[in-house]
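Undergrad: Below is the structure I would like to discuss, written out as structure tokens.
Please treat every number below as a calculation from the coordinates, not as lab data. Every value quoted in this text rests on a predicted model; they were computed, and no experiment measured them. When we count neighbours, we look across all protein chains shown, and the Cβ atoms used for this are built from the backbone with ideal geometry, even at glycine.
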Amino acid sequence: MNSGAFILIAIFTLAAALAAATLRKLMHAALSFALAFVGLASSFFLLGAEFVGLALVFVYIGAVAVLIVFTILLTRRDVEKDRGFNWGGVPIAVAVFGGLTWSILKTQSIAIVAPRMPALTVKQIGAALMTSYVWPLQCVGLLLTAALIGALILVIEEKR
């Protein structure tokens, strides 16, 4: 993996995530959230996990981030109202960051080289999804469709 590219992608992702957490305008925060997912997908592409990177682009950037932006646009009430910065989550975020850092540094597996695994192709993943995991895949599709219909019903009732 190219160290320079990784550092650039990491800085971009962290800056976008920090902007998503601290920007005062909700629309700007949502767009920064989508940029953080772009950075995360880029790191997966850099690691050679193309399927995970494409799934992140299609599902999170293509669906979730766009859904958040449309939700903000459809339900915005006070355009000029400033939401301010919520300091209540800062101690929790610092505690979680400290705990994760401590656990990563205490892990013995950092020094151990991982065994070589055969490459997993997108064709193999697709074959597994369409044979062994077809029912969970269909259930997720139905659940997402029901959530979309429910969101549309809520918006239609609110407009009346």
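Undergrad: In a Gaussian network model over the chain where Cα atoms closer than 10 Å are linked, find which of Leu105, Leu14, Leu74 has the largest mean-square fluctuation.
TA: Checking each option, the largest mean-square fluctuation is seen for Leu105.
Undergrad: Would you mind finding the longest exposed-site-free stretch of the chain, with exposed chymotrypsin sites (Phe, Trp or Tyr not before Pro) meaning DSSP loop and at most 13 other Cβ atoms within 10 Å?
TA: Longest gap between qualifying sites, sites excluded: 1-84.
Undergrad: Which residue fluctuates most in the GNM of the chain (Cα springs below 10 Å): Gly39, Gly99, Gly150?
TA: So, out of Gly39, Gly99, Gly150, the one fluctuating most is Gly99.
Undergrad: Which residue, Ile92, Ile68, Ile125, has the most motion in a Gaussian network model of the chain that connects Cα atoms within less than 10 Å?
TA: For the chain, modelled as a Gaussian network with Cα springs under 10 Å, the answer is Ile92.
Undergrad: Can I ask one more? Computed from these coordinates, which is P(r) over Cα pairs in 5 Å bins from 0, in percent: (i) 2, 10, 19, 23, 22, 14, 7, 3, 1, 0; (ii) 2, 9, 17, 21, 22, 17, 8, 3, 1, 0; (iii) 1, 7, 9, 13, 16, 16, 15, 11, 6, 3, 1, 0, 0?
TA: Correct label is (iii).
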